[in-house]
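These notes are about the structure you will find just below.
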Amino acid sequence: MASQDPIENLQTLIRCPSVTPAEGGALSALQSMLEPLGFAVSRIIATDANTPDIENLYARIGSEGPHLMFAGHTDVVPPGAESDWSHPPFAAEIADGMLYGRGAVDMKGGIACFVAAVARVIARKGQPEGSISLLITGDEEGPAINGTIKLLEWAAAKGERWDACLVGEPTNPDQLGDMIKIGRRGSLSGTITVQGVQGHAAYPHLADNPVRGIIRLTEALMHPPFDHGTDNFQPSNLEVTSIDVGNPATNVIPAKATARFNIRFNDTWTAESLQAEIERRLAKAAADTTLRPGREPVRYELAWAERPSHVFLTRDDALIGSLSQAVEAVTGSTPKLSTTGGTSDARFIKDYCPVVEFGLVGQTMHMVDERVAVADLETLTRIYETFIENWFAHAGR
């Protein structure tokens with residue numbers, strides 16, 4: 001049964017070794033917490049070609065609006081060598097005020113606190129005047145194909161509609177109350193392949209070195225800057241993450257060179273307009289023969305990664321205000337409204353309802369000895385409890 005104590009809830013969840021794609025008992029544990037509170041729980045297995053089947057959970061209490069969703073994931077990354085941990089990664093041991101375990105902050109801790117907060121609200125006031133749902137995936141740390149996307153589609157096809165969503169990812173850089181995520185930059189990746197002609201390094205006129213071409217093309221991607229940022233987002237940033245020719249010999253000109261890149265972009269761009277700008281830059285750079293005097297334009301291919309992440313910004317004052325007020329009331333800190341960091345499942349949820357993110361301090365996520373301060377679990381539970389009451393008070397007007 002769900003406990004009003006987030007520590008107890010979190011220890012139960014951590015002791016389930018739910019390394020992606022394994023359910024590991026975590027969703028069953030969560031179901032056993034939610035059903036005694038009155039939640040109707042569904043377990044959905046999503047499938048797709050060439051990717052593991054994933055079990056997900058959707059739970060709802062209430063049948064009318066307004067409808068608040070909490071979203072998260074019970075899957076975790078592998079712990080690595082367990083001998084490197086000072087406490088076993090799935091034992092959920094407490095030492096010196098810290099609770100250790102894989103998923104403690106990313107993000108079983110957020111789920112444990114939200115369940116405790118809902119249990120407290122129900123114990124004190126009864127069921128909410130509206131609906132609360134939990135949309136929990138087992139695929140966030142994996143390819144994210146059979147998780148939140150499929151679960152949202154399944155729920156929407158059944159007629160589920162949401163007015164707002166809180167994602168419990170760890171958003172705070174240093175201490176609880178630091179930061180609420182109100183949007184995310186987009187993410188776009190691609191691979192450039194430059195074709196050359198293999199040959200002897202002493203006879204360059206008989207070969208065509210693709211390294212010269214790849215240097216020119218990647219330089220064009222990194223300069224000039226794509227933009228200088230906007231009111232809500234930092235400047236778009238492209239990183240070349242790999243350049244490879246697969247050539248172990250120092251006296252052989254390679255036959256081809258490959259570069260991979262990723263750009264995190266702001267609301268100056270859409271994925272489509274950014275692709276067009278990158279293609280324009282590459283075409284212009286390919287014609288530049290500065291590094292290849294007397295040669296034809298660089299011969300290259302550009303392949304885009306599937307499913308780019310789109311930039312978004314939440315502007316729902318009731319949602320942001322209810323959460324900000326709850327954070328300030330409990331911690332005394334005014335949280336920064338931020339769009340920094342990587343991507344999360346909020347990028348899928350934003351197509352269905354306004355979404356914000358707030359959870360634990362993320363300093364140890366994915367690390368050996370991932371851990372959370374026991375005191376932070378109580379503080380986050382109180383924040384979530386206050387937020388639930390605030391949001392329903394605003395939404396019911």
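Some observations on this one:
- Scanning region 14-33 for residues that are touching a Leu at 6+ places or on another chain (Cβ under 7 Å) and touching a residue at least 60 places away in the same chain (Cβ under 8 Å) returns A26, L27, L30.
- Region 228-259: number of residues that are of a type in the set (D, E, K, R), surrounded by fewer than 17 Cβ atoms within 10 Å (Cβ to Cβ) and either assigned to a strand (DSSP E or B) or in contact (Cβ under 8 Å) with a residue 24 or more places away in the chain (or both): 2
- Top-ranked residue in region 307-332 [being within 15 Å of M179 (Cα to Cα) and more than 23 Å from the chain's Cα centre (by Cα); ranked as surrounded by the most Cβ atoms within 10 Å (Cβ to Cβ)]: A326
- Matching option when the condition is loosely packed, with under 14 Cβ neighbours inside 10 Å, in the same structural domain as I132 (by TED's automatic domain parsing) and not in a strand (DSSP E or B), among P36, P21, P17: P36
- Sole residue being more than 30 Å from R43 (Cα to Cα), of a type outside the set (G, A, S) and surrounded by fewer than 19 Cβ atoms within 10 Å (Cβ to Cβ), chosen from Q198, Q127: Q198
- Pairs where the first residue, in region 276-290, is more than 24 Å from L188 (Cβ to Cβ) and the second is in a helix (DSSP H, G or I), C-beta under 9 Å, 6+ apart: T289/R216; T290/R216
- Subset of region 287-304 that is within 35 Å of the chain's Cα centre (by Cα) and surrounded by 13 or more Cβ atoms within 10 Å (Cβ to Cβ) - its residue that is nearest to T230 (Cα to Cα): W304
- Within region 48-67, restricting attention to residues that are modelled with pLDDT of 95 or more and touching an Asp or Glu at 6+ places or on another chain (Cβ under 7 Å), the residue that is surrounded by the most Cβ atoms within 10 Å (Cβ to Cβ) is I54.
- Failed criterion for Y203 (all others in (1) in the same structural domain as P354 (by TED's automatic domain parsing); (2) of a type in the set (S, T, Y); (3) free of Cβ contacts under 8 Å to residues at least 24 places away in the same chain hold): (1)
- Of all residues making up region 366-381, the number that are outside any strand (DSSP E or B), surrounded by 20 or more Cβ atoms within 10 Å (Cβ to Cβ) and of a type outside the set (V, I, T): 4
The values are calculated or read from the model by the stated rules, or taken from the named source; none is laboratory data. Owing to the predicted nature of the structure, the values given are computational and were not obtained by experimental measurement. Note: ideal-geometry Cβ built from the backbone for every residue, glycine included; neighbour counts use all protein chains shown.
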